[in-house]
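The values are calculated or read from the model by the stated rules, or taken from the named source; none is laboratory data. Every value quoted in this text rests on a predicted model; they were computed, and no experiment measured them. Counting neighbours? That spans all protein chains shown, and the Cβs are built from the backbone with ideal geometry, glycine included.
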Amino acid sequence: MFFNYDVQKGLIIMTKNIQFFDTTLRDGEQTIGVNFSIDQKVAIAKQLEAWGIDVIEAGFPVASDGDFKAVEAVSHAVTKACVTGLARAKKGDIDACVKATQAAAHKQIHVFIATSPIHRKSKLHMSQDEVIASIQDHVSYARRFFDIVEFSPEDATRTEPDFLVRAVQAAIDAGASVINIPDTVGYTNPVEFAALFKNLRENVPDFDNVTFSVHCHDDLGMAVANSLASIENGATRIEGTINGIGERAGNAALEEVAAALYVRHDYYDADNRINLSETKRTSDMISDFTNMAVPHNKAVVGANAFAHESGIHQDGMLKNPQTYEILTPEVVGAHKTTLPLGKLSGSHAVMTKLQEMGYNVTRADMTCIFPIFKAKADTTDVVSEADLRIIMKHVSEVS
Ligand code: KIV
Ligand code: ZN
């Protein structure tokens, strides 16, 4: 957090600085059917650096030889961002992270163990005390090798609030300086996230001495909203992936979080290092390497994100783009706004398009042209430039 002087309000305000943590190469690769090559992982990591990412989770080094080598390769390739590997609370996992990240200019480790009752009983077969002992052992072990240890209580949002406090403080006491709160199964909503952070703020004695991070999954479509709610309640690091890829319904889409912080800076008052103009390029690379098309209506990077179909909207856009666009495509490095012509388009948009194509048409001319356009539009999804040329030829022949 740092101080800014707000001239309009005449106040000294505290602006938060938000770190972006990308796990496209780790949690993102847990998407069914996605398996990046090492070269692709290095290319993605470099593009993430160009995008301005603070931390890159390059993989889970103990998981496979390929993952180990990928974390090693990313550690060599990346110069500005901090590189991390993931480790369960197991010494072998931590040792693998130590080796794989050796070459990194800036590094940290990410250690996790589940804390929720369902995970303790059904998966780990451990009592609360045993989980706390494991946190103490493994975070302090990791701290011997890394200046920055990030600890995640997996399934934090379904963990008993008082036990979550205990687990978080145990990790801090053992040397963790970043505490990540995962909504592992995308269960929580923004109001509950605020309450979770309030409980931590009020009961973790060292809350203000560490960085709080959030890691939200999208099972109920709330990952981005939950991430933004966390920023309002004490988190200063956001974890997610590009295009929101990841396990099951995926992770928080970082490009959406970044765009929201930009468009609603008035509300969140949160700065960050993201270079938004590299957003579309980054999204395209992930779509290409995963063979997963970005949905047309996806926020920020979808093909329709800056396309306006109806006559009323097109007329508004031609008069003042701010009527229907809160973010311009140029800001995120996308192609320009489009006004595709279809059956809902109005005369103003058709006339403007014809003028752009070089036709010298006036509003009066449109009384004859527009009904022909409408007839064509009723038979097709989008009226193309070729269609318009045919219409204009027909008009010139009859007039
Ligand atoms: O979703 C999750 O809980 C995780 C942890 C490893 C942080 O991915
Ligand atoms: Zn996850």
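Being modelled with pLDDT of 95 or more, closer than 13 Å to residue 311 by Cα and among the β-branched types (Val, Ile, Thr) narrows it down to one residue among 350, 361, 331; which is it?
From the options 350, 361, 331, the qualifying one is 350.
For residue 298, indicate whether it is in contact with a helix residue (DSSP H, G or I) (Cβ under 8 Å, 6 or more places away or on another chain), surrounded by 13 or more Cβ atoms within 10 Å (Cβ to Cβ) and of a type in the set (Lys, Arg).
Judged against the criteria, residue 298 is a match.
With 158, 143, 120 as the choices, which residue is of a type outside the set (Gly, Ala, Ser), in contact with a Gly (Cβ under 9 Å, 6 or more places away or on another chain) and modelled with pLDDT of 95 or more?
Sole residue among the options that is of a type outside the set (Gly, Ala, Ser), in contact with a Gly (Cβ under 9 Å, 6 or more places away or on another chain) and modelled with pLDDT of 95 or more: 143.
If you take the residues in the range 138-154 that are surrounded by fewer than 19 Cβ atoms within 10 Å (Cβ to Cβ) and of a type outside the set (Asp, Glu), which one is farthest from ligand 1 (Cβ to nearest atom)?
Looking at the filtered set, the residue picked out is 144.
Of all residues in the range 99-127, how many are closer than 18 Å to residue 170 by Cα, within 11 Å of ligand 1 (Cβ to nearest atom) and not in a loop (DSSP other than H, G, I, E, B)?
Total meeting the criteria: 5.
Hey, among the residues in the range 231-249 that are of a type in the set (Gly, Ala, Ser) and more than 23 Å from residue 283 (Cβ to Cβ), which one's farthest from ligand 2 (Cβ to nearest atom)?
Top of the filtered list is 234.
Could you check how many residues of the range 156-178 are out of contact with any Pro (no Cβ under 7 Å at 6 or more places or on another chain) and within 21 Å of residue 250 (Cα to Cα)?
Going through the range 156-178 one residue at a time, the tally reaches 2.
Residue by residue through the range 68-98, note down the ones that are crowded, with 24+ Cβ neighbours inside 10 Å, assigned to a helix (DSSP H, G or I) and within 16 Å of ligand 1 (Cβ to nearest atom).
71, 94, 97, listed by residue number.
Answer yes if at least one residue in the range 78-100 is modelled with pLDDT of 95 or more, among the hydroxyl-bearing types (Ser, Thr, Tyr) and over 24 Å from the mean Cα position of the chain (by Cα), and no otherwise.
no
Just give me the residues in the range 67-90 being within 23 Å of residue 171 (Cβ to Cβ) and either of a type outside the set (Lys, Arg) or in contact with a helix residue (DSSP H, G or I) (Cβ under 6 Å, 6 or more places away or on another chain) (or both), in sequence order.
Of everything in the range 67-90, those that are within 23 Å of residue 171 (Cβ to Cβ) and either of a type outside the set (Lys, Arg) or in contact with a helix residue (DSSP H, G or I) (Cβ under 6 Å, 6 or more places away or on another chain) (or both) turn out to be 71, 82, 83, 84, 85, 86, 87, 89.
Can you pull out the helices (runs of 4 or more DSSP H) entirely within the range 189-289 that have at least 1 residues that are at pLDDT 95 or above, surrounded by 15 or more Cβ atoms within 10 Å (Cβ to Cβ) and within 15 Å of ligand 1 (Cβ to nearest atom)?
190-203, 223-232, 254-263
Got a number for residues in the range 181-230 being in contact with a Pro (Cβ under 6 Å, 6 or more places away or on another chain) and either more than 15 Å from ligand 2 (Cβ to nearest atom) or over 20 Å from residue 27 (Cβ atoms) (or both)?
The qualifying residues number 3.
For the range 340-367, enumerate the residues that are part of a loop (DSSP other than H, G, I, E, B) and buried (at least 16 other Cβ atoms within 10 Å of the Cβ).
340, 341, 342, 343, 345, 346, 359, 361, listed by residue number.
Against the definition (modelled with pLDDT of 95 or more and within 30 Å of residue 287 (Cβ to Cβ)), how does residue 386 come out, yes or no?
In short, yes.
Could you tell me which numbered condition residue 101 fails, if it satisfies all but one of (1) among the polar types (S, T, N, Q); (2) within 16 Å of ligand 2 (Cβ to nearest atom); (3) surrounded by 24 or more Cβ atoms within 10 Å (Cβ to Cβ)?
(2)
Select, from 62, 98, 111, 55, the only residue that is more than 25 Å from residue 20 (Cβ to Cβ), β-branched (Val, Ile, Thr) and in contact with a Phe, Trp or Tyr (Cβ under 8 Å, 6 or more places away or on another chain).
Among 62, 98, 111, 55, only 62 is more than 25 Å from residue 20 (Cβ to Cβ), β-branched (Val, Ile, Thr) and in contact with a Phe, Trp or Tyr (Cβ under 8 Å, 6 or more places away or on another chain).
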